[in-house]
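A.B. asks: First, the structure itself, so that you have it in front of you.
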Amino acid sequence: MNIGFIGLGAMGLPMAKNVARAGHKLHIMQNRRAEPVEELKKSGALVFSNPAELADGTDVVITVLPADEELRQVVAGEDCLASTMRKGQALIDMTTATSTTLLELTPKLRELGVTVIDAPVSGGTTGAAAGTLTIMVGAEAADLSEWRPLLETMGNNIYHVGAVGQGKAFKIVNQLMAAMHILTIGEAFGLGTRLGADPKMLKEVISASSGYSKMMDLRLDGFLLDGSYEPGFGLDLMKKDVRLAVESAHGEGMPATLGAQAHEIFQAASTAGYGGNDFSSAAAFLAQTAGSAFGKRDG
Ligand code: NDP
């Protein structure tokens with residue numbers, strides 16, 4: 001198949017490589033950075049100058065963009081997908097964005113006869129490279145059946161979570177919980193360390209107790225316990241996801257009491273210069289601002 005792929009960053013590039021490895025022809029474009037485009041061109045990808053040109057001649061376009069604004073621009077801005085996409089084509093959007101934005105864009109695409117699949121992912125750059133992502137799909141069941149084999153080139157846990165917009169909702173819930181779990185570790189392990197507990201022993205004991213969260217497996221060894229914050233998943237990306245969660249809550253007229261507080265902590269850590277670190281760096285930042293040595297850079 002001819003597959004448009006827009007968003008060739010930390011996630012999109014390895015995902016696009018897996019799609020190409022499965023035998024599909026990629027249609028790609030350069031945004032700012034030339035490197036990913038050059039890399040894919042060597043293995044036969046066709047290069048276009050904007051989303052409109054790229055989409056023409058494809059069966060499906062996959063987008064893995066930073067967030068709402070970029071998604072809006074690519075789908076409905078200048079030289080956009082909606083200006084050339086037509087009946088029979090599909091858009092698979094794998095961006096972490098709000099359901100509000102995708103649901104605003106969907107009617108226009110459907111009027112053109114374009115199928116919309118909402119398919120954000122979890123599993124990080126390692127999962128993207130290995131093709132083992134979790135994909136949270138909001139779509140009509142028949143549309144998912146049609147495009148499942150393509151999704152399976154990128155992920156191995158594919159969940160049908162509801163209609164278009166629900167993929168985004170599930171992903172944002174996951175991000176809000178992940179953000180709060182990492183900050184909880186920062187505050188609680190920060191306190192424990194200050195009280196004289198050995199953080200490695202804390203990990204062992206809390207892992208067998210009611211305070212356990214999976215984030216302890218994901219972000220203690222190799223990150224907080226080693227004072228090492230190579231992303232992973234960037235702190236500024238997590239800050240963006242928490243903002244999306246808070247905005248989504250406010251859009252529903254709901255408070256997001258803990259989320260808003262979490263967002264302020266991610267913002268403070270970013271302002272302090274840790275935005276490019278792994279998001280677990282926010283937990284070390286929180287502990288350090290409370291005067292604890294937990295998660296210090298020098299371990
Ligand atoms: P990156 O910032 O690494 O990549 C974003 C890509 O989008 C870049 O290739 C960028 O091009 C391109 N881009 C930005 N704006 C436009 C535009 N207007 N038109 C065309 N291309 C554009 O982000 P990630 O790959 O890390 O993340 C992508 C999405 O996946 C985000 O929503 C993120 O939250 C989500 N995600 C990320 C994970 C991770 O571990 N990183 C894990 C799970 C989900 P250029 O660089 O040239 O500007």
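The values are calculated or read from the model by the stated rules, or taken from the named source; none is laboratory data. A quick note: this is a predicted structure, and the numbers were derived from the prediction, not measured. Quick reminder, even Gly has a Cβ in these numbers, built from the backbone with ideal geometry, and neighbours come from all protein chains shown.
A.B. asks: Just checking, which of Thr84, Thr63, Thr58 is of a type in the set (Ser, Thr, Tyr), in contact with a helix residue (DSSP H, G or I) (Cβ under 7 Å, 6 or more places away or on another chain) and away from the ligand (no atom under 12 Å from the Cβ)?
C.D. replies: Details: Thr63 fails: away from the ligand (no atom under 12 Å from the Cβ); Thr58 fails: in contact with a helix residue (DSSP H, G or I) (Cβ under 7 Å, 6 or more places away or on another chain).
Residue meeting the stated conditions: Thr84.
A.B. asks: For the structure I just gave you, tell me whether Ala269 is closer than 23 Å to Ala188 by Cα and either modelled with pLDDT of 95 or more or outside any helix (DSSP H, G or I) (or both).
C.D. replies: Numbers: closer than 23 Å to Ala188 by Cα: yes; either modelled with pLDDT of 95 or more or outside any helix (DSSP H, G or I) (or both): yes.
Against the criterion (closer than 23 Å to Ala188 by Cα and either modelled with pLDDT of 95 or more or outside any helix (DSSP H, G or I) (or both)), Ala269 qualifies.
A.B. asks: Could you tell me which of the residues Val137, Val173 is surrounded by fewer than 19 Cβ atoms within 10 Å (Cβ to Cβ), within 30 Å of Ala76 (Cβ to Cβ) and either touching a helix residue (DSSP H, G or I) at 6+ places or on another chain (Cβ under 6 Å) or aliphatic (A, V, I, L, M) (or both)? Reasoning before the result, please.
C.D. replies: Numbers: Val137 fails: surrounded by fewer than 19 Cβ atoms within 10 Å (Cβ to Cβ).
Selected residue: Val173, the only one of Val137, Val173 that is surrounded by fewer than 19 Cβ atoms within 10 Å (Cβ to Cβ), within 30 Å of Ala76 (Cβ to Cβ) and either touching a helix residue (DSSP H, G or I) at 6+ places or on another chain (Cβ under 6 Å) or aliphatic (A, V, I, L, M) (or both).
A.B. asks: So, in the stretch 113-168, how many residues would count as being part of a helix (DSSP H, G or I) and away from the ligand (no atom under 16 Å from the Cβ)?
C.D. replies: If we filter the stretch 113-168 for residues that are part of a helix (DSSP H, G or I), which is where we start, we get 124-130, 141-151, 166-168.
From what's left, away from the ligand (no atom under 16 Å from the Cβ): 141-150, 166.
Selection size over the stretch 113-168: 11.
A.B. asks: Show me the helices (runs of 4 or more DSSP H) found entirely inside the stretch 171-263 where at least 3 residues are of a type outside the set (S, T, N, Q), away from the ligand (no atom under 16 Å from the Cβ) and out of contact with any Ser or Thr (no Cβ under 7 Å at 6 or more places or on another chain). Please lay out each step first, then the result.
C.D. replies: Details: elements: 199-207, 215-219, 235-251.
Once the helices (runs of 4 or more DSSP H) in the stretch 171-263 are filtered for at least 3 residues that are of a type outside the set (S, T, N, Q), away from the ligand (no atom under 16 Å from the Cβ) and out of contact with any Ser or Thr (no Cβ under 7 Å at 6 or more places or on another chain), what remains is 199-207.
A.B. asks: Under 8 Å by Cβ, and 6 or more places apart or on different chains, what pairs join a residue from the stretch 29-51 that is under 13 Å from Gly7 (Cα atoms) with one that is basic (Lys, Arg) and loosely packed, with under 14 Cβ neighbours inside 10 Å?
C.D. replies: Hits for this filter: zero, empty list.
A.B. asks: Please name all residue pairs, on different chains or six or more residues apart, with Cβ atoms under 7 Å, provided the first residue is in the stretch 6-24 and is more than 10 Å from Leu65 (Cβ to Cβ) and the second residue is at pLDDT 95 or above and among the aromatic types (Phe, Trp, Tyr).
C.D. replies: Correct list of pairs: Ala16/Phe5; Val19/Phe5.
Here's the yes/no breakdown for (1) closer than 18 Å to Val137 by Cα; (2) within 13 Å of the ligand (Cβ to nearest atom); (3) at pLDDT 95 or above:
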{"site": "Met29", "(1), (2), (3)": "no, yes, yes"}
{"site": "Arg32", "(1), (2), (3)": "no, yes, yes"}
{"site": "Gly44", "(1), (2), (3)": "no, no, yes"}
{"site": "Phe48", "(1), (2), (3)": "no, yes, yes"}
{"site": "Glu69", "(1), (2), (3)": "no, yes, yes"}
{"site": "Cys80", "(1), (2), (3)": "no, yes, yes"}
{"site": "Thr106", "(1), (2), (3)": "yes, no, yes"}
{"site": "Arg110", "(1), (2), (3)": "yes, no, yes"}
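A.B. asks: Going through Ile182, Ile206, Ile265 one at a time, which residue ends up being without any contact (Cβ under 8 Å) to a residue 60 or more places away in the chain, touching a helix residue (DSSP H, G or I) at 6+ places or on another chain (Cβ under 9 Å) and among the aliphatic types (A, V, I, L, M)?
C.D. replies: Numbers: Ile182 fails: without any contact (Cβ under 8 Å) to a residue 60 or more places away in the chain; Ile265 fails: without any contact (Cβ under 8 Å) to a residue 60 or more places away in the chain.
After ruling out the rest, the residue left standing is Ile206.
A.B. asks: Another one. Output the residues belonging to the stretch 1-11 that are within 15 Å of the ligand (Cβ to nearest atom) and surrounded by fewer than 23 Cβ atoms within 10 Å (Cβ to Cβ). Steps first, answer last, please.
C.D. replies: Residues of the stretch 1-11 within 15 Å of the ligand (Cβ to nearest atom): 4-11.
Within the stretch 1-11, Gly9, Ala10 meet the criteria.
A.B. asks: Kindly list, by first and then second residue, each pair from a residue in the stretch 213-224 that is closer than 15 Å to Ser281 by Cβ to a residue that is of a type in the set (Lys, Arg), limited to pairs with Cβ atoms under 9 Å and residues at least 6 apart or on different chains.
C.D. replies: Correct list of pairs: Leu220/Lys200; Leu220/Lys203.
A.B. asks: Another one. Right, Thr96: among the polar types (S, T, N, Q), part of a loop (DSSP other than H, G, I, E, B) and closer than 29 Å to Tyr159 by Cβ or not? Give the steps one after another, and end with the answer.
C.D. replies: Working: among the polar types (S, T, N, Q): yes; part of a loop (DSSP other than H, G, I, E, B): yes; closer than 29 Å to Tyr159 by Cβ: yes.
Yes.
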